[in-house]
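Reading through the structure tokens given below for one structure.
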Amino acid sequence: MSASTPNRFRLTLEKLAAEPPSTKTALIRLLLPAIEGAFASGKTWKDVWQCLADDGLNMSYETFRKVLSRARKKARASAAPSGKSPELPSVGSLGEADAAQRDPLANLKRLEQNRPGFHWRATPSVKDSDMPWAEWREKNKRQ
């Protein structure tokens, strides 16, 4: 493979990217920032659709609404929340002090203590008793 082969492939892909989208869905996704700008300036869905239809977009209003809704949902899902990068912090980046005081089951313990309704437990809570675990086991041993 010669050194010019990657450049040739890159140029081919740039030509492909410069061509207009081949599907209407891809066209709507490409126009999404401009459509969002029209919405921000106070235009309605119907105004935007009518403008695009007058300019040659061959799509019914219902189809336009469905395609645009899906494109907006996909754009929201792929966007990073509050401008942060979508990368998750690595385990090593957590501070050792944070890791020592962070209890992964704290939420479950809190929910268990505060759950509504009547919840019968078959055995008394060992935590609430004054006797050590071994004594309790001996006392309540099955015969």
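The values are calculated or read from the model by the stated rules, or taken from the named source; none is laboratory data. As the structure is a prediction and not an experimental result, all values here were calculated from the model. FYI the Cβ positions are ideal-geometry reconstructions off the backbone, even for glycines, and counts take in every protein chain you see.
List the pairs whose first member sits in region 64-76 and is among the aromatic types (Phe, Trp, Tyr), whose second member is assigned to a helix (DSSP H, G or I), and whose Cβ atoms are under 6 Å apart, counting only residues at least 6 apart or on separate chains?
Pairs found: 64/49.
Quick grid of which residues meet (1) in a helix (DSSP H, G or I); (2) surrounded by 10 or more Cβ atoms within 10 Å (Cβ to Cβ):
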position: 5; (1), (2): yes, no
position: 14; (1), (2): yes, no
position: 20; (1), (2): no, no
position: 31; (1), (2): yes, yes
position: 36; (1), (2): yes, yes
position: 63; (1), (2): yes, yes
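Before we move on, is residue 124 at pLDDT below 75 and either within 30 Å of residue 44 (Cβ to Cβ) or surrounded by fewer than 10 Cβ atoms within 10 Å (Cβ to Cβ) (or both)?
no
Show the residue pairs meeting these rules: Cβ distance below 7 Å; 6+ apart or different chains; first residue within region 4-25 and on the phi < 0 side of the Ramachandran plot and free of Cβ contacts under 8 Å to residues at least 40 places away in the same chain; second residue hydrophobic (A, V, I, L, M, F, W, C) and assigned to a helix (DSSP H, G or I).
As it stands, the answer is 21/27; 21/30, since those pairs meet every condition given.
Okay, residues lined up against (1) surrounded by 10 or more Cβ atoms within 10 Å (Cβ to Cβ); (2) closer than 30 Å to residue 35 by Cβ; (3) β-branched (Val, Ile, Thr); (4) at pLDDT 55 or above:
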| position | (1), (2), (3), (4) |
| --- | --- |
| 75 | yes, yes, no, yes |
| 79 | yes, yes, no, yes |
| 84 | no, yes, no, yes |
| 90 | no, no, no, no |
| 110 | yes, no, no, yes |
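Quick one: count up the residues across region 44-59 that are under 18 Å from residue 27 (Cβ atoms) and either in contact with a Lys or Arg (Cβ under 7 Å, 6 or more places away or on another chain) or not in a helix (DSSP H, G or I) (or both).
Of the residues in region 44-59, 6 are under 18 Å from residue 27 (Cβ atoms) and either in contact with a Lys or Arg (Cβ under 7 Å, 6 or more places away or on another chain) or not in a helix (DSSP H, G or I) (or both).
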